[in-house]
Amino acid sequence: GYPVMNMMCGAPERVASALVAGTLGKQDLAHDPCGYNTYGRALYLSRYASKAAHFCGTSKQLVIVKVALGNTETQTNEERTRSSGSAGYHSVVVPGRRLPLSPPPPPPLPVTASVSGGLYAASLRLGAASRPAVDSAQGGPGQHGEEFLIFDAAQVLPLYSVAFEMLLKS
């Protein structure tokens, strides 16, 4: 069968809220106030929390989801207007969006997170959060880590909502 994975989604508040509420629609995927939808109007998912956190805007909320990727197409060309995968494909994997330059990425900091969803709720103090590594093989400076684009909300099951804040190291 097709792969099913747990991934992180860092999205503007409107998209994250709709995802958690189970009301995510095409209009939410097209909502891109910061210009982050480089590869298309889709839900961007990453296996890396550090990558997803860069794209959650002021909400400081990650949504951990279980996603059915289906047949995955590989794309490297930026296409902001893409609203589906090619015929026969259920998702698209891309080399990763450029990390936002404004505000600049924070230095390594301790992170406090509260997790809710499913049967669990917790408040965690995580170790130092570091900037994501830059892999020159995946697009050069300012990019890292592949991302998966999902165009159909039925492929995604939200598991947890993780609210976090960055705290200065003392």
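The values are calculated or read from the model by the stated rules, or taken from the named source; none is laboratory data. Quick caveat, the model's predicted, so the values are computed rather than measured. Here the Cβ positions follow ideal geometry from the backbone for every residue, glycine too, while neighbour counts run over all protein chains shown. For accessibility, only protein heavy atoms count, side chains too; no ligands or nucleic acids. Shrake-Rupley method; radii C 1.70, N 1.55, O 1.52, S 1.80 Å.
Restricting attention to region 28-50, the residues that are over 12 Å from the mean Cα position of the chain (by Cα) and farther than 19 Å from GLY85 by Cβ total 4. Counting only strands (runs of 3 or more DSSP E) that fall entirely inside region 1-80 and contain at least 2 residues that are among the β-branched types (Val, Ile, Thr) and either touching a helix residue (DSSP H, G or I) at 6+ places or on another chain (Cβ under 9 Å) or open to solvent by 80 Å² or more (accessible area, probe 1.4 Å) (or both), the qualifying elements are 61-68.
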